[in-house]
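The values are calculated or read from the model by the stated rules, or taken from the named source; none is laboratory data. As the structure is a computational prediction, the values presented were derived from the model and not from experiment. FYI the Cβ positions are ideal-geometry reconstructions off the backbone, even for glycines, and counts take in every protein chain you see.
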Amino acid sequence: MGRFGKGKGRRRKVVVIGPDGTPLSLVSRLVAEGELPNLARVFEDGSVQPMTSAIPSVSSVAWSSFMTGKNPGKHGIYGFLDRVPGSYDTYIPNSAAMRSETLWEILSTHGKRVVVMNVPVTYPPRQVNGILVAGFLSPKLEKATYPAQVGQQLKDMGYRLDVDPWQAREDKDKFLEDLFYTLDKREEAMFHFMETEDWDFFMLQIMETDRLHHFFWEHMESGDEKYAPAFLEVYHKIDGLLGRLCDRLTENTTLVIMSDHGFSTMKKEVYINRWLQDHDWLSFTKDPPESLKDIHPDSKAYSMDPGRIFINLRGREPLGGVDPGSEYEALRGELIDGLRALRDPESGEPMIDELYKREDIYSGECYHQAADVVAMPRRGYDLKGSVKKDVLTERGVINGTHTYDDALIYIQGHEISKGEAAIVDVMPTILHLMDVPIPEDVDGSVLV
């Protein structure tokens with residue numbers, strides 16, 4: 001048990017199933033069409049509501065906000081790539097970069113035994129009272145688990161950390177084979193630990209839905225003869241998993257189902273650094289540049305995925321020339337006005353939905369790492385930070401993209417009382433369901 005205490009009193013258990021990027025609108029339609037009979041049965045025994053994601057709505061930020069109940073200004077994860085402070089270098093943030101205690105660490109401290117599988121930003125695995133299997137971005141399975149010996153156990157089982165998303169660009173059929181295999185092994189491992197471990201909290205995140213949506217969303221929406229049925233088959237498999245899970249749950253266990261963001265058909269990728277260059281706010285010392293490190297000292301601003309704009313600020317950026325006072329504020333205003341006016345070159349429709357100054361959405365000890373302006377795209381547009389594009393927009397092989405709204409939250413046996421739930425609300429709600437004190441510094445509120 002190490003540093004973890006012993007649980008007291010009647011055990012109230014929670015199981016969380018987290019299909020990544022699964023919109024409530026899609027699930028509701030499939031339930032209404034009779035395609036998801038187990039989920040339909042589950043929904044009758046609880047409350048389901050739409051939920052908003054984190055800003056920006058990428059999985060690493062959203063799941064970090066879920067597991068801490070906090071905004072990025074407190075947990076320190078702002079994107080799939082983040083900027084090394086004081087430089088133009090970037091890094092992939094993982095659990096070592098997370099500055100907050102997680103749901104499972106809090107539960108562990110209060111003597112609850114946990115099994116956590118596949119949640120993003122959990123590598124390298126931190127110590128818990130139970131088992132933690134990290135998710136995608138883990139370099140290899142043997143290093144992705146706590147305790148370490150669980151990795152070999154999973155390897156012997158044929159478990160995979162993730163599908164290979166690059167395969168979808170080359171061979172969709174092989175990608176789907178890989179996806180079905182990975183999903184089967186995830187279920188097998190889940191039930192193995194569920195039945196062999198003594199647990200109070202169990203969570204399985206399902207990354208396969210996000211992978212599916214990125215490459216097959218348009219096929220589903222257009223009713224593609226070959227791939228729309230394959231898309232549906234993935235949901236049939238998850239529905240079957242839920243049915244088998246519900247057959248095993250005891251009366252003192254609450255089932256929670258949640259996704260971290262919604263999804264829609266991709267209209268265009270939008271290259272914000274190209275836009276900044278076209279408006280003379282950004283230039284490079286090389287053509288084409290290799291990375292942000294080739295930025296010219298005269299540059300006023302630069303962007304990183306997805307829609308995060310940083311001012312090239314004197315005293316913060318190595319080559320920053322923008323004065324931190326009135327020049328900074330004036331420039332932010334110009335950038336916001338310009339992005340608000342940004343239109344799709346073909347359709348003429350706006351490509352940006354909302355624009356935020358960092359102080360409007362972030363607070364906490366990691367606030368200084370935040371972008372100066374964050375743009376939220378209009379549905380169907382994906383804001384990219386590439387420095388090598390010579391066009392403002394284009395469309396590639398990825399045909400599905402994230403949305404801030406239309407995530408889902410379901411809680412068994414309870415009525416969700418909040419009109420619009422936010423992803424930071426789920427963590428304090430789970431602590432409440434398990435009779436564990438909620439830390440005072442969380443941003444979320446209890447939903448039931």
Q) Residues in region 253-272: is at least one over 19 Å from residue 24 (Cα atoms) and among the aromatic types (Phe, Trp, Tyr)? A) yes
Q. Only one of these conditions is not met by residue 139: (1) of a type outside the set (Ser, Thr, Tyr); (2) modelled with pLDDT of 95 or more; (3) within 16 Å of residue 159 (Cβ to Cβ). Which number is it?
A. (2)
(Q) List the strands (runs of 3 or more DSSP E) inside region 380-448, counting only whole elements, that have at least 2 residues being at pLDDT 95 or above, in the same structural domain as residue 200 (by TED's automatic domain parsing) and over 24 Å from residue 58 (Cα atoms). (A) none
Q: Filter region 338-363 for residues that are surrounded by 12 or more Cβ atoms within 10 Å (Cβ to Cβ) and either in contact with a Cys (Cβ under 6 Å, 6 or more places away or on another chain) or of a type in the set (Gly, Ala, Ser) (or both) and give the result.
A: 338, 363
Q: Enumerate the pairs (first residue in region 209-228 and touching a residue at least 40 places away in the same chain (Cβ under 8 Å); second residue anywhere and among the hydrophobic types (A, V, I, L, M, F, W, C) and part of a loop (DSSP other than H, G, I, E, B)) with beta-carbon separation below 6 Å, excluding pairs fewer than 6 apart on the same chain, so at least 6 apart or on different chains.
A: 211/163; 214/398
Q) Residues of region 63-115 being part of a helix (DSSP H, G or I), within 27 Å of residue 291 (Cα to Cα) and in contact with a strand residue (DSSP E or B) (Cβ under 8 Å, 6 or more places away or on another chain), which ones? A) 97
Q: Kindly indicate the residue of region 115-137 that is within 18 Å of the chain's Cα centre (by Cα) and among the polar types (S, T, N, Q) and also nearest to residue 104 (Cα to Cα) among those meeting that condition.
A: 122
Q. Which residue out of 154, 204, 141 is within 19 Å of the chain's Cα centre (by Cα) and in the same structural domain as residue 243 (by TED's automatic domain parsing)?
A. 204
Q | Hey, residue 165 of a type outside the set (A, V, I, L, M), assigned to a loop (DSSP other than H, G, I, E, B) and under 11 Å from residue 208 (Cβ atoms) or not | A | yes
Q) On the given criteria, is residue 8 at pLDDT 95 or above, basic (Lys, Arg) and over 16 Å from the mean Cα position of the chain (by Cα)? A) no
Q: Only residues that are under 20 Å from the mean Cα position of the chain (by Cα) and either surrounded by fewer than 16 Cβ atoms within 10 Å (Cβ to Cβ) or of a type in the set (Asp, Glu) (or both): list them for region 406-420, please.
A: 406, 420
Q: Would you point out which residue out of 258, 207 is of a type outside the set (Gly, Ala, Ser) and in contact with a helix residue (DSSP H, G or I) (Cβ under 7 Å, 6 or more places away or on another chain)?
A: 258
Q) Is it fair to say residue 78 is touching a Lys or Arg at 6+ places or on another chain (Cβ under 6 Å) and within 22 Å of residue 387 (Cβ to Cβ)? A) no
Q | Flag if residue 180 is within 24 Å of the chain's Cα centre (by Cα), assigned by TED's automatic domain parsing to the domain that holds residue 111 and under 23 Å from residue 257 (Cβ atoms) | A | yes
Q: Could you list, in sequence order, all residues of region 201-241 that are crowded, with 23+ Cβ neighbours inside 10 Å, over 17 Å from residue 176 (Cα atoms) and not hydrophobic (A, V, I, L, M, F, W, C)?
A: 205
**Q.** Leading residue by the ranking (nearest to residue 238 (Cα to Cα)) among those in region 163-201 that are out of contact with any helix residue (DSSP H, G or I) (no Cβ under 8 Å at 6 or more places or on another chain) and among the hydroxyl-bearing types (Ser, Thr, Tyr)
**A.** 181
